[in-house]
Amino acid sequence: MKQNKRLLSLLVILMTGGLLFAQTTTSGTLKLTGAYGSDLEAKLDAAYQVRIPVLAGEGPLFSGNNVKVKANLGLSPIAGTVTLDAVLTPIAVAEISLGGGVGTGWDFDLMDLNGLRLGAAVGAPLASDSLNGLYYMGRAGAAFQFDTGAIFSGDWMSVVIRTYHELNYKGYSNASADQAWEYENGGAMVNGFNYKGEYILGYQMPLMVNLVGLQLETYTYNILDDATDMVGDLSVIANTQFTEDLSLLTAVQFTNYSKDDNRVIKKGDAAFKRIVLILTYAL
């Protein structure tokens, strides 16, 4: 009798696992990013994602519940970064994410660029620290998202709203406490916790240019120790869908801050920052 129960339990486990993995889907993307502002920037990202149904229920709010695990390799002329993120969708309008990554940088003498820079002492100007350490980061975030197209029928009734809030820790292995460093031209920082907020308001259309909108990104650095003022970037965005697999996102960015080599945040009036083009191909 006990043996029959064990066999039955094993059969149930195998059937449940088979059903789960039958519903699991995978996908990949190649993304080429180019930007022009004070400098030229370029980056290639290759990502692979596994989507696993989890806590799925009935109705539009719960039927698509899942966990997505995404690995990404980013490569620019001055740095290489590997990240791994897990995103839980417990309800259609919310996401909870957890992830991290590591990377390192090198010099690109042709354009006089440094992927890693470090201050020799606290407050000192930054100098090249090519391949001398690892950049590392961890992050946890939560997002709320809503699409009016889920309520109102019609091809022209889709207004997308998304807000995302993230707590992250960023550091450089070769930097001591309060020693400034910079990774991949991201601006001078010190090891510590930071906050990032993201707000998107977009309108989706049944056209080749299928999305136009506004994106606001806000930042507070060193939130647990001498926190900076909140600063941000505002972007006007448009997405062009050439084919089912190929799209181009265009963003014109404005900002109200700058960073110097001594990690001082300079807040000022909004000004043009850069134009960004992101070409994405779905594999």
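The values are calculated or read from the model by the stated rules, or taken from the named source; none is laboratory data. All of these numbers come straight from a predicted model, not from anything done at the bench. Reconstructed Cβ throughout: ideal geometry from the backbone, glycine too, with neighbour counts over all protein chains shown.
Checking each residue of the range 88-97 against the condition of being under 18 Å from S128 (Cα atoms), over 16 Å from the mean Cα position of the chain (by Cα) and either surrounded by fewer than 17 Cβ atoms within 10 Å (Cβ to Cβ) or small (G, A, S) (or both) gives no match. Inspection of the range 181-190 finds no residue satisfying the criterion of being more than 19 Å from the chain's Cα centre (by Cα), surrounded by fewer than 18 Cβ atoms within 10 Å (Cβ to Cβ) and farther than 24 Å from A143 by Cβ. Report whether or not S63 is out of contact with any helix residue (DSSP H, G or I) (no Cβ under 6 Å at 6 or more places or on another chain) and in contact (Cβ under 8 Å) with a residue 60 or more places away in the chain. So S63 does not fit the description; no. Screening the candidates I275, I265, I237 for the property of being modelled with pLDDT of 95 or more and surrounded by 16 or more Cβ atoms within 10 Å (Cβ to Cβ) yields one hit, I237.
Looking across the range 183-219, just one residue is free of Cβ contacts under 8 Å to residues at least 12 places away in the same chain and among the hydrophobic types (A, V, I, L, M, F, W, C), and that is L207.
Okay, residues lined up against (1) among the β-branched types (V, I, T); (2) within 26 Å of L40 (Cβ to Cβ):
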position	(1), (2)
E217	no, yes
L234	no, yes
T243	yes, no
R274	no, yes
A282	no, no
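Restricting the range 68-79 to residues that are out of contact with any Phe, Trp or Tyr (no Cβ under 6 Å at 6 or more places or on another chain) and surrounded by fewer than 17 Cβ atoms within 10 Å (Cβ to Cβ), the residue that is farthest from F108 (Cα to Cα) is V69. Looking for something of a type outside the set (S, T, Y) and within 17 Å of L131 (Cα to Cα) - is there at least one such residue anywhere in the range 163-172? Checked the range 163-172: at least one residue is of a type outside the set (S, T, Y) and within 17 Å of L131 (Cα to Cα).
Can you find a residue that is small (G, A, S), over 17 Å from the mean Cα position of the chain (by Cα) and modelled with pLDDT of 85 or more anywhere in the range 9-17?
Within the range 9-17 (the criterion being small (G, A, S), over 17 Å from the mean Cα position of the chain (by Cα) and modelled with pLDDT of 85 or more), the answer is no, since none of the residues qualifies.
Of all the criteria given as (1) surrounded by 18 or more Cβ atoms within 10 Å (Cβ to Cβ); (2) modelled with pLDDT of 95 or more, the one not satisfied by F108 is (1). Take the residues in the range 29-67 that are loosely packed, with under 13 Cβ neighbours inside 10 Å and over 18 Å from T250 (Cα atoms), then tell me which one is modelled with the highest pLDDT. That would be S63. Scanning the range 191-229 for residues that are aromatic (F, W, Y) and closer than 21 Å to A142 by Cβ gives F193, Y195, Y199, Y219, Y221. Only residues that are among the β-branched types (V, I, T) and closer than 18 Å to K43 by Cα were counted across the range 81-131, and they come to 5. For the range 129-173, a residue qualifies if it is surrounded by fewer than 18 Cβ atoms within 10 Å (Cβ to Cβ) and among the polar types (S, T, N, Q), and the qualifying residues are S130, N132, Q145, T148, S153, T163, N168, S173.
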